[in-house]
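Below is one structure, written out as structure tokens; comments come after it.
The values are calculated or read from the model by the stated rules, or taken from the named source; none is laboratory data. Here the structure is a predicted model, which means the values were calculated and not measured. Using ideal geometry, Cβ is built from the backbone for each residue, glycine included, and neighbour counts are taken over all protein chains shown.
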Amino acid sequence: MTGAETGSHFRRHALGAKPIRMSDHEQSKLIATAMNEGSPQAKALGFATLQIGDAVAVLKVPYRPEIVGDPETGVIAGGVVTTLLDHASGQAVHAALDTWTSIATLDLRIDYMRAAEPGLDVMARAHCYKLTRSVAFVRAVAYDRDPEDPIATGQATFMLDSSAGKKAGANLKPSREQRAKTGGVDQ
């Protein structure tokens, strides 16, 4: 990638026409929309991406009676929180990658700390903190009012498409520190 292309990616039109230029932000938003609309679970639960970029994704599931696990208490079902953490983690992985790569959850550990407060939306913030050629590592937290008082935390690993790994790390996006050292020019 040349200096003139820094901060942008070339993507092919859906019909295979000319490449189009997309910023990291545009690419991340497109991926978030595709993941939220393309996943029947995410669509049915009403997931919305509030923030995506720089290996971080923040998602929200709006409170509504259909996702309550215990009608007597009005608490959102634990499975909804687990699904939200998994989905946010997957979006964080895509926000960390330089190119679209198929991913699959290898391992997902959720620690529940308390019930969600009835009537409140639940958010999940996920950060992909490490990428290798074939595995991504993510930490996530689900909360309603304050991320410092979590409903649950998650730790996940994702398998990256093995064909992408054959490019010897070509799918890895340079870190902010690496971009700063090179003046924003990819090496």
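Against the numbered list (1) acidic (Asp, Glu); (2) at pLDDT below 95; (3) more than 24 Å from Leu160 (Cβ to Cβ), Glu37 comes up short only at (3). Yes or no: Pro147 modelled with pLDDT of 95 or more and in a loop (DSSP other than H, G, I, E, B)? Considered against the rule, which asks whether it is modelled with pLDDT of 95 or more and in a loop (DSSP other than H, G, I, E, B), Pro147 comes out as yes.
Here the condition is being in a strand (DSSP E or B) and closer than 20 Å to Ala48 by Cα; of Val138, Val93, it holds for Val138 alone. The residue list Val93, Val80, Val68, Val75 contains one member that is touching a helix residue (DSSP H, G or I) at 6+ places or on another chain (Cβ under 8 Å) and modelled with pLDDT of 95 or more, which is Val80.
Against the numbered list (1) assigned to a loop (DSSP other than H, G, I, E, B); (2) in contact with a strand residue (DSSP E or B) (Cβ under 9 Å, 6 or more places away or on another chain); (3) closer than 30 Å to Thr73 by Cα, Trp100 comes up short only at (3). Please enumerate the residues belonging to the stretch 62-103 that are over 27 Å from Leu131 (Cα atoms) and crowded, with 24+ Cβ neighbours inside 10 Å. Listed by number, the list holds a single entry, Ile76.
A Cβ distance below 8 Å, combined with a sequence gap of six or more or placement on separate chains, defines the contacts here; from the stretch 82-100, residues that are closer than 11 Å to Phe158 by Cα reach residues that are of a type in the set (Phe, Trp, Tyr) and not in a helix (DSSP H, G or I) in the pairs Ser89/Phe158; Gly90/Phe158; Val93/Phe158; His94/Trp100.
Evaluation of Gly119 against the conditions (1) assigned to a strand (DSSP E or B); (2) at positive phi shows that the sole unmet condition is (1).
Only residues that are assigned to a helix (DSSP H, G or I) and either of a type in the set (Gly, Ala, Ser) or out of contact with any Ser or Thr (no Cβ under 7 Å at 6 or more places or on another chain) (or both) were counted in the stretch 28-82, giving 22. Of the residues making up the stretch 123-135, just one is of a type in the set (Lys, Arg) and under 19 Å from Ala48 (Cα atoms), namely Arg125.
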